[in-house]
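Report on the structure given below.
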Amino acid sequence: AVAGDRGDSGLNSATGDLLMRSTGINLKTSGRMSPGDIALVTMESRDFLKHLLTFDGVLPNLVAIDKFDEASQSSIFDPNIYNETTDTWVSGMPTYLDVFQVYKDTLSVDFDQFRGILTVSVEHESPQFAYEFLNLVIQEANNLSRERDLAESKKALDYLYATLSNTKVQAIQLSIGQLITAQLNTQMLANVKNDYLIQPFDKAYLPNRPSSPQRQKTFLIGSILGLFLSIIGVLIAHLVKEYRYRQVSEPQI
């Protein structure tokens, strides 16, 4: 993943390519939805944003950022919206529903089903926050998926153990034993793998050059546009002057 500085007046971006990996036998992921689909839907959900807003600094950086201070490598917040010193909101703290559209504009998620690759990008005034927020999104998508699967697996194991103790049919016992093995495998993977649902293969880093907008291209376009407008201005001024001269020089009848 890459986090880039676009300058004081621009946005900074963080992008990442994530390889979707199987996490063992999982009834939820073995259906129509692939791990990549689950990751995409999770990241774009309101509930996921609500969870992200529980982390320090996320809410102010999403809705109250004014500019990025390169000297201190920190965000400067709009005092009319948020007071960082007292950690208070001038007009009340925004809810996750209020922030959702800003979140959608900040985070972009695309899943290539053919290659099984998820690309996540973050655009923000602060390259530091873009970098940290991208890592947080990936981390929490993994954590929430792990927690859900562990909870479901525990319920499944409780049911399977109870059923196993109440049956005497050997064939059924064998089938239940295989299901128990699968659920134990799910729990094992969930407890030992940090990258449970998605595994980054191009991790985020802070670059040493701007990503966008391209300043040289912006400067060139601005210069050409300025020259064009100047020529038009000169021509208009010349035509007006010539028109006035003719008005004065024509004989009055």
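For Q173 and I231, the difference between the fully extended length at 0.36 nm per residue and the C-alpha to C-alpha distance is 12.0 nm.
Note on K154 and T181: with the Förster distance fixed at 22 Å, the Cβ-Cβ geometry gives a FRET efficiency of about 0.90. Accessible area per residue for the range 25-115, computed on protein heavy atoms with a 1.4 Å probe, is 62 Å². Computed 3J(HN,Hα) for the range 51-61, one whole-Hz value per residue from the Karplus formula 6.51 cos²θ - 1.76 cosθ + 1.60 where θ = phi - 60°, is 5, 5, 6, 6, 8, 4, x, 5, 4, x, 5, glycine and proline marked x. Across the range 60-122, the volume of the C-alpha convex hull divided among the residues equals 111 Å³ per residue. Packing order of peptides 33-45, 119-131, highest average first: 119-131, 33-45 (average count of other Cβ atoms within 10 Å over each peptide's residues).
The values are calculated or read from the model by the stated rules, or taken from the named source; none is laboratory data. In this text, all values refer to a predicted model and were calculated from it rather than measured experimentally. Neighbour counts are summed over all protein chains in view; Cβ atoms, including those assigned to glycine, are modelled from backbone coordinates with ideal geometry. Please note that ligands, DNA and RNA were not included when accessible areas were found on the heavy atoms of the full protein model with its side chains. Shrake-Rupley method; radii C 1.70, N 1.55, O 1.52, S 1.80 Å.
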